[in-house]
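The block underneath contains the structure these notes are about, expressed in structure tokens.
Readers should treat all values here as calculations from the given coordinates under stated rules, not as data from a laboratory. It should be emphasised that the depicted structure is a prediction, and the values quoted were computed from it without experimental measurement. Quick reminder, even Gly has a Cβ in these numbers, built from the backbone with ideal geometry, and neighbours come from all protein chains shown.
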Amino acid sequence: MRLGKIASGGGKTAVLMGLLSVGLLCGVVLAVCVGKYPVTPKESLRILFSVVFRQPVTASGMTVNVVLGLRIPRILASVFVGGALSVAGAAYQGIFQNPLVSPDFLGVSSGACVGAAFAILMSLTTVFISLFAFIGGILAFMLTISLPALLRNRSNTVLVLAGIIVGSALSSLLGFIKYTADPDTQLASITYWTMGSFAYVSLRDLAFLIPLLIVPMTILILMAWWIDVLSMGEEEARTLGADVTKMRGIVILCSTLLTAGSVCIAGTISWVGLIVPHFARMVVGSGNRRLIPFSALLGGFFMLLVDTLTRIIGVSEMPVSIMTGVLGSFFFYWLIWRQRDRIR
Amino acid sequence: MIYSVKNIRFSYRPSLPVVLNGISLTLEEGDVLTIMGRNGAGKSTLLGCMLGLLRPQQGEVQLCGEKVSILKPRLIASKVGYVPQNHVPAFGYTVFDYVLMGCASKVGLMSHPGRKEKEDTNKALEMLRISHLTTRKYSELSGGERQQAAIARAIVGKPKAVLFDEPTAHLDVGNQVRVLRIIKSLSENGFAVAITAHDPNHALLLGGKAAIFDREGSVVSGSVEEMVTEEKLRALYGEKLVLRYLEELGRSVCISPNLKTIKTMRLPD
């Protein structure tokens, strides 16, 4: 593959990462400008700089409100959520030795949905919806990992099966909550929430949630090389010298925190955690030391693009998962088409 | 003494039959040991116990004088390299990245291999004469090349012993000989080597020691000359195998008997 050859060396990966970072920054500035209330690039840069360097802001009140109150939180949220889901996806795929695993397969997303839906059913405020989503995600995850412990079989297969069991049980529960919800108000907001959106993020929530994403992401980037080793399978990794139980535990915990934190911010967003690592692997190769940081940047870029598109297409806002689903399935089709001779 | 296996007993569950039934073995520097036995006799299980993957219910395995059961994986890995049966990883790692994983016992939890480990990897690739494969994907190699890469990975961390699980499985005859040559060279360079094998000729080629599993899960071991005899092979495999000394090779070879075919190999109408 052509792209793979270009990026075979570490130096070339660094160049690609640099280019992607610049692209991401340009994307951020562009995203500040576009929308129902247009802002010129000059104005947006001026506001961005005055925030970064703590200078008094010199622009019209409306522009400042739109940029700082609405667009910046959204942009930050989409970049971090995209990066977090992609890193979680790459890490999960590595340790479960399966490139088709996505961050929500341990039941985290279903649990978060149930938590959020329950909060909506109880007519709680948005802060509680996020909190319940987080707790729901973590509880579902704990339920999933407790099954292999009960069966005294700590193999990956049992864990994956446990994820499927918990996931489907929770989607039934979600179905039940939807069935009892008020169809005019609650049902709509539950549905909207399960399809993901960055429309309601506030800077105050982000101040708390973004560190929650940065810490596990940093740990996974530092441990990336060990994910290579863990992806050799449990026994082989052990004979290579890995403390498999501990390392796998850390990686799963960090990835789960990333997934749950993302769901808190923006609801459940499909496909991103699956396709971004796939695409990144085609560009920088399979080694996780390059793959994970690259996925973080690429995922942030992709999510920013998708969210900006949902903002500017159509009259009312479209949930993010509609866009990621469309792009994701096309991408996946392309991926299978490319490998059609190798799939048996 | 690198390995000392003392009277180990192992079964996968209390309700299942005993696989290893009081096995004792020793392995010293420069030894090459061929472990033979019928399918399912417990050869791989024995390797599993020696690697600390499985814990014997009785007896103990000592590695350089320390109990394997209490050693951390990192310490075991720094002393033993393992070449598993050929399996293809889910991801297309390059041969370099694949071999580099053999340095894991020297890398910290939140860290990655440094310059030293990368140099060692290049040396190991050179030693196995596969430097030209450095940037190729491991999953795209041929069986013989994969085995060479796996051996490079097993020795890159400079272990004292190297264990092989059926290193010649799925290889053509040429590659089988090449892999056996590498194994013999390793032992001559001071590594303690143990392999499991199905072909008695491999034990005869390698020389050194042989260990044979009997039907009860016990093992008898000794020099290849003592262990690989017509009588023992016939008892082990249940076929009238023939052992002949070949003047031109200066060693014995094992030959299968002529085939007596089954006359009624037809399904009833």
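Spin-label model, A:LYS246 to B:ILE70: label points 7 Å out along the Cα-to-beta-carbon direction sit 1.8 nm apart. Classify region A:2-338 from the C-alpha gyration tensor, please: rounded if a/c falls under 1.5, else prolate or oblate depending on whether a/b exceeds b/c. Oblate, because a/c is 1.5 or more while a/b does not exceed b/c.
Return the loop-located trypsin sites (Lys or Arg not before Pro) in region A:25-87 (DSSP other than H, G, I, E, B) with at most 10 other Cβ atoms within 10 Å of their own Cβ; answer none if there are none.
Working: sites: A:LYS36, A:LYS42, A:ARG46, A:ARG54, A:ARG71, A:ARG74; in loops: A:LYS36, A:ARG54.
In loop regions of region A:25-87 (DSSP not H, G, I, E or B), the sparsely surrounded trypsin sites (Lys or Arg not before Pro) are A:LYS36, A:ARG54.
Computed across region A:51-91, the Kirkwood hydrodynamic radius from all distinct Cα-Cα pairs reaches 12.1 Å. When B:GLU231, B:GLU247, B:GLU145, A:GLU236 are arranged by Cβ crowding within 10 Å, least crowded first, meaning fewest neighbours, the order is B:GLU247, B:GLU231, B:GLU145, A:GLU236. Centre-to-centre separation between the Cα atoms of region A:44-101 and those of region B:126-159: 43 Å.
Whole-Hz Karplus values for region A:212-227 come out as 4, 8, 5, 4, x, 5, 4, 4, 5, 5, 5, 8, 3, 5, 5, 5 Hz, taken residue by residue from phi with 6.51 cos²θ - 1.76 cosθ + 1.60 and θ = phi - 60°; glycine and proline positions read x. Projecting the Cα positions of A:VAL272, B:VAL5, A:THR245 onto the charge dipole of the protein assembly as shown (unit charges on Cβ atoms of Lys, Arg, Asp and Glu, taken about the Cα centre) puts A:VAL272 furthest along the positive direction.
Using just its DSSP H runs of length 4 or more, each adding -39500 (n - 2.57), chain A gives a mean residue ellipticity at 222 nm of -25000 deg cm²/dmol after division by all residues.
With neighbour counts taken as other beta-carbon atoms within 10 Å, the residues B:HIS202, B:HIS170, B:HIS112 rank, fewest first, as B:HIS170, B:HIS112, B:HIS202.
Label point of B:GLU188 set 7 angstrom out along Cα-Cβ; within region B:154-182, amide nitrogens under 16 Å from it belong to B:177-182. Assign one of three labels to region A:155-264, namely rounded, prolate or oblate, based on the Cα gyration tensor with a ≥ b ≥ c the square roots of its eigenvalues; rounded applies when a/c is under 1.5, prolate when it is not and a/b is larger than b/c, and oblate otherwise. Verdict is oblate for region A:155-264. What the Cβ-Cβ distance of A:ILE165 and B:ARG13 gives, at R0 = 22 Å and to the nearest 0.05, is a FRET efficiency of 0.35. Could you tell me which residue out of A:PHE302, A:GLY287, A:LEU335 lies farthest along the dipole of region A:287-344 toward its positive end? Charges go on the beta carbon: Lys and Arg +1, Asp and Glu -1, centred on the Cα centre. Among A:PHE302, A:GLY287, A:LEU335, the one farthest towards the positive end of the dipole of region A:287-344 is A:GLY287. In units of the rule-of-thumb radius 2.2 N^0.38 Å, the protein assembly as shown shows an alpha carbon radius of gyration of 1.17. The mean sequence distance of close C-alpha pairs (under 8 Å, at least 6 residues apart), as a share of the length of chain A, puts its relative contact order at 29 percent. Region A:237-274 and region B:63-100 have Cα centres separated by 24 Å.
Of all beta bridges that DSSP places with both ends in region B:3-228, some 55 percent have antiparallel geometry.
The ranking of B:HIS132, A:HIS278 by Cβ neighbour count inside 10 Å, starting from the fewest, reads B:HIS132, A:HIS278.
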